[in-house]
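Below is one structure; the comments refer to it alone.
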Amino acid sequence: MSAKRAVAVLLSGRGSNMVALAEAAARPDYPARIVTVLSDKADAPGLSRARALGLPAGVVARAQHPSKPAFEAALDAELRAAGAEFICLAGFMRLLSAAFLAGWHDRVLNIHPSLLPAFKGLSAQAQALAAGVRIAGCTVHIVRPEMDAGPIIAQAAVPVLADDSLDRLEARILAAEHRLYPRALALFCQGRVRLTDGRARVDAPTPAPTALYNPPAD
Ligand code: GAR
């Protein structure tokens, strides 16, 4: 197969999506390799998880830079030094500016724990519970400067159960995230995601035309 694409992962916390991407990338037939894992938080657990997987990991802390442009310039320099072609945001809890994104045009992906455009921002799973929706999920999209916005590459839907706690719903969505993100990144790295009129067209098998019913249909 053709060479693996060089992908950087940015995170701020736990790093479970980074691990899912790294495990996929370790497969010989996967079309991406992780060239660096960077965090804006020195104490992010995801950094030690990355190092335990043998991945280069580093910190670019906002507090160590006098301004957002200076912070983003340092981040940009680290990403380019690592040879990254694409960036995966994986629980990276900062908005990247239009200026930063212009240097990575259509080359930054994000995962968000809702069926966008519903429930943008923090605590999307809690927002879903509070809204009383019966179906929740997660989305991988190309990043635009606005929060949790941009062309959608892939989504997964999960039911919200009647007695769901926030923990249980988060865990169900997170399990879907761990399958969805590696799948979406693979399609992206294989050049099977094309942008037209602000929407992503994805060259992938057609799913079975079935619905997820909640409550279940008869
Ligand atoms: C994930 O649920 C991800 O979807 C979410 O943060 C969590 C990070 O978990 N991202 C956002 O809410 C972005 N708006 P992880 O560090 O274990 O991958």
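Worth a mention:
- Test: residue in segment 139-148 that is more than 20 Å from residue 7 (Cβ to Cβ), modelled with pLDDT under 95 and either assigned to a strand (DSSP E or B) or of a type in the set (A, V, I, L, M) (or both): yes
- Criterion (closer than 21 Å to residue 60 by Cα and free of Cβ contacts under 8 Å to residues at least 12 places away in the same chain) met by exactly one of 98, 77, 84: 77
- Every pair of residues 6+ apart whose Cβ atoms lie under 9 Å, when the first sits in segment 104-129 and is more than 17 Å from residue 176 (Cα to Cα) while the second is assigned to a strand (DSSP E or B) and among the polar types (S, T, N, Q): 117/139
- Being under 28 Å from residue 23 (Cα atoms), of a type in the set (Gly, Ala, Ser), in a loop (DSSP other than H, G, I, E, B) and away from the ligand (no atom under 16 Å from the Cβ) holds for only one residue in 191, 121, and it is 191.
- Residue in segment 83-102 that is at pLDDT below 95, of a type in the set (Gly, Ala, Ser) and either surrounded by fewer than 16 Cβ atoms within 10 Å (Cβ to Cβ) or at negative phi (or both) present: no
- Strands (runs of 3 or more DSSP E) within segment 1-100 that include 3 or more residues not β-branched (Val, Ile, Thr): 5-11, 32-39, 86-89
- A count restricted to segment 127-149 and to residues that are more than 11 Å from the ligand (Cβ to nearest atom) and over 16 Å from residue 212 (Cα atoms) stands at 9.
- Residues located in segment 101-114, provided they are in a loop (DSSP other than H, G, I, E, B) and within 12 Å of the ligand (Cβ to nearest atom): 113, 114
The values are calculated or read from the model by the stated rules, or taken from the named source; none is laboratory data. Keep in mind that this is a model prediction, so the values were computed, not measured. Here the Cβ is made from the backbone with ideal geometry for all residues, glycine too, and neighbour counts use every protein chain on show.
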